[in-house]
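Only one structure is covered here, and it is reproduced in the block below.
What follows is calculated from the coordinates using simple rules that are stated; it is not laboratory data. Every value quoted in this text rests on a predicted model; they were computed, and no experiment measured them. Cβ coordinates were reconstructed from backbone atoms using ideal geometry, including for glycine residues, and neighbour counts include every protein chain displayed.
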Amino acid sequence: MRPKKLKRTTSQRRALLRGLVKSLLEHEQIETTAAKAKATRPLAEKMITLGKRGDLHSRRQVSSFVNDDAVVRKVFDVLAERYADRPGGYTRVLKKGPRRGDGSPMVIIELV
């Protein structure tokens, strides 16, 4: 499956998705467009899966992607324990309706 480009260059898209994943892991719920949520979901689930592994290499992988020590600690201490017995599917996407300005479909993406 090809990744969604979201009408951005590679560096802009990478920065956007890193910020969305960081916010999702930090606040456990964010409101965004449907396309951005679909692109964010697999990355956030991968970070939680790395947190469940718990070794030094996975901690460094999460740290290099998220760039926030508090969020990295939360992934490994709180979220890894919460989803220890869950094999996957850590996120939920709820449709919210169109955005008022341009009619873009908005969703709420949250951790289950």
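Would you check if there is a residue in region 46-67 being surrounded by 15 or more Cβ atoms within 10 Å (Cβ to Cβ) and either of a type in the set (Asp, Glu) or within 20 Å of LYS95 (Cα to Cα) (or both)?
No, the conditions are met nowhere in region 46-67.
Is it the case, given these coordinates, that VAL112 is surrounded by 13 or more Cβ atoms within 10 Å (Cβ to Cβ), within 15 Å of the chain's Cα centre (by Cα) and hydrophobic (A, V, I, L, M, F, W, C)? First the steps, then the outcome.
Values: surrounded by 13 or more Cβ atoms within 10 Å (Cβ to Cβ): no; within 15 Å of the chain's Cα centre (by Cα): yes; hydrophobic (A, V, I, L, M, F, W, C): yes.
For VAL112, the condition - surrounded by 13 or more Cβ atoms within 10 Å (Cβ to Cβ), within 15 Å of the chain's Cα centre (by Cα) and hydrophobic (A, V, I, L, M, F, W, C) - is not met.
Check ARG86, ARG8, ARG13 and return the single one that is surrounded by fewer than 16 Cβ atoms within 10 Å (Cβ to Cβ), of a type outside the set (Ser, Thr, Tyr) and in contact with a Leu (Cβ under 7 Å, 6 or more places away or on another chain). Explain how you work it out, then say what you get.
Values: ARG86 fails: in contact with a Leu (Cβ under 7 Å, 6 or more places away or on another chain); ARG13 fails: surrounded by fewer than 16 Cβ atoms within 10 Å (Cβ to Cβ).
So the residue among ARG86, ARG8, ARG13 that is surrounded by fewer than 16 Cβ atoms within 10 Å (Cβ to Cβ), of a type outside the set (Ser, Thr, Tyr) and in contact with a Leu (Cβ under 7 Å, 6 or more places away or on another chain) is ARG8.
Applying the selection to region 100-112, what residues are assigned to a loop (DSSP other than H, G, I, E, B) and on the phi < 0 side of the Ramachandran plot?
Within region 100-112, the first condition is being assigned to a loop (DSSP other than H, G, I, E, B), and the residues that meet it are 100-104, 112.
Those that are assigned to a loop (DSSP other than H, G, I, E, B) and on the phi < 0 side of the Ramachandran plot: ARG100, GLY101, ASP102, SER104, VAL112.
If you go through region 20-30, how many residues are more than 13 Å from ARG92 (Cβ to Cβ) and either free of Cβ contacts under 8 Å to residues at least 12 places away in the same chain or assigned to a strand (DSSP E or B) (or both)?
Let us first name the residues in region 20-30 that are more than 13 Å from ARG92 (Cβ to Cβ), namely 20-23, 25-27.
From what is left, the residues that are either free of Cβ contacts under 8 Å to residues at least 12 places away in the same chain or assigned to a strand (DSSP E or B) (or both) are 23, 27.
Of the residues in region 20-30, 2 are more than 13 Å from ARG92 (Cβ to Cβ) and either free of Cβ contacts under 8 Å to residues at least 12 places away in the same chain or assigned to a strand (DSSP E or B) (or both).
Can you name the residue in region 16-40 that is of a type in the set (Lys, Arg) and either touching a Leu at 6+ places or on another chain (Cβ under 9 Å) or within 21 Å of GLY97 (Cα to Cα) (or both) and is also surrounded by the most Cβ atoms within 10 Å (Cβ to Cβ) among such residues?
Here is the first cut: in region 16-40, the residues of a type in the set (Lys, Arg) are 18, 22, 36, 38.
Then drop every residue that is not either touching a Leu at 6+ places or on another chain (Cβ under 9 Å) or within 21 Å of GLY97 (Cα to Cα) (or both), which leaves 18, 36, 38.
Working: ARG18: 17, LYS36: 20, LYS38: 15.
Residue satisfying both the conditions and the ranking: LYS36.
Applying the selection to region 42-99, what residues are acidic (Asp, Glu), assigned to a helix (DSSP H, G or I) and in contact (Cβ under 8 Å) with a residue 12 or more places away in the chain?
GLU45
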